[in-house]
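The values are calculated or read from the model by the stated rules, or taken from the named source; none is laboratory data. Keep in mind the model is a prediction, meaning the values are calculated, not measured. Here the Cβ is made from the backbone with ideal geometry for all residues, glycine too, and neighbour counts use every protein chain on show.
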Amino acid sequence: MTNKPDRSGPCILAGFALAAMIACTTPSASAHEANKRVADANALATTDSTSRPQPQAARRSVARVEKGPYYVDFRARTAASWGHAFVWYGKTSEKAVEVAGLTPAGDTLAYVLGHITFVPSETGASYGDLDPEYLTASYRVYLNEADAKRVFAYIKKLQASSPVWNAETTNCTGFIGDIAEFMGLKVPYRWQRPENFVNSLKDMNGGRQMVRLSAE
């Protein structure tokens, strides 16, 4: 009986060598999955950055305030008591102003008596009306020329038809309230402090700066 050489040893060694080569050249399943996740994440980030809208340069919006050639400025100032409400009016391009308001004529006695009865009035500028240091509130409204003529004429008429002053009825806030109402503005409760009245007048009209009167 002839003995055949045992070749199982070399075959086993060849198998181990082949397995080692495959292990060195083929990445493991876990490494392959990790690489795939990184690639997918990079692709997603690239797509997201290109598809996401880029912020636009901020635009500066310049608020344009409409102004007319004439104005009426509702104003309040400090005084020895509650304060005083009055109006400035005139031409926007000029420094000179007209002043209208309702005050008791005379001294302190007239003011005191005006709390219990009617006393003679003054309807022009009073002490402190032209001094900015006494100003506590202001609301300026602009007008075109045609409307300014009508409003200014109404102010003159109101001055001429307001011969008396009384703290409870015919007072300064009521006087400028009549002017505001003639101009078509919303008018707050009139019997309050002048500063509060002017600020409320401005708030109720949304700070509106241009007024156009309705046709006669």
Residue by residue through segment 78-116, note down the ones that are touching a Ser or Thr at 6+ places or on another chain (Cβ under 7 Å), closer than 17 Å to I155 by Cα and of a type in the set (A, V, I, L, M). A85, A100, L102
Picking from R140, R208, R212, which residue would you name as being modelled with pLDDT of 95 or more, closer than 26 Å to S93 by Cα and either loosely packed, with under 13 Cβ neighbours inside 10 Å or not aromatic (F, W, Y) (or both)? R140
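Looking only at segment 63-85, which residues are surrounded by fewer than 15 Cβ atoms within 10 Å (Cβ to Cβ) and either under 28 Å from the mean Cα position of the chain (by Cα) or part of a strand (DSSP E or B) (or both)?
As a first pass, look at segment 63-85 and keep what is surrounded by fewer than 15 Cβ atoms within 10 Å (Cβ to Cβ): 63-67, 69, 80-81.
If the condition is that a residue be surrounded by fewer than 15 Cβ atoms within 10 Å (Cβ to Cβ) and either under 28 Å from the mean Cα position of the chain (by Cα) or part of a strand (DSSP E or B) (or both), then A63, R64, V65, E66, K67, P69 are the ones that fit.
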Criterion first (at pLDDT 85 or above, crowded, with 17+ Cβ neighbours inside 10 Å and part of a loop (DSSP other than H, G, I, E, B)) does W88 satisfy it? no
In segment 100-137, what count of residues is obtained for those that are aromatic (F, W, Y), over 17 Å from P163 (Cα atoms), in contact (Cβ under 8 Å) with a residue 24 or more places away in the chain and part of a loop (DSSP other than H, G, I, E, B)? 0
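I'd like to check which helices (runs of 4 or more DSSP H) are fully inside segment 138-216 and have at least 2 residues that are closer than 16 Å to P69 by Cα, in the same structural domain as R77 (by TED's automatic domain parsing) and over 23 Å from the mean Cα position of the chain (by Cα).
Counting at least 2 such residues, we get 145-160.
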Is it true that some residue in segment 107-127 is within 17 Å of N196 (Cβ to Cβ) and in contact with a Phe, Trp or Tyr (Cβ under 9 Å, 6 or more places away or on another chain)? no
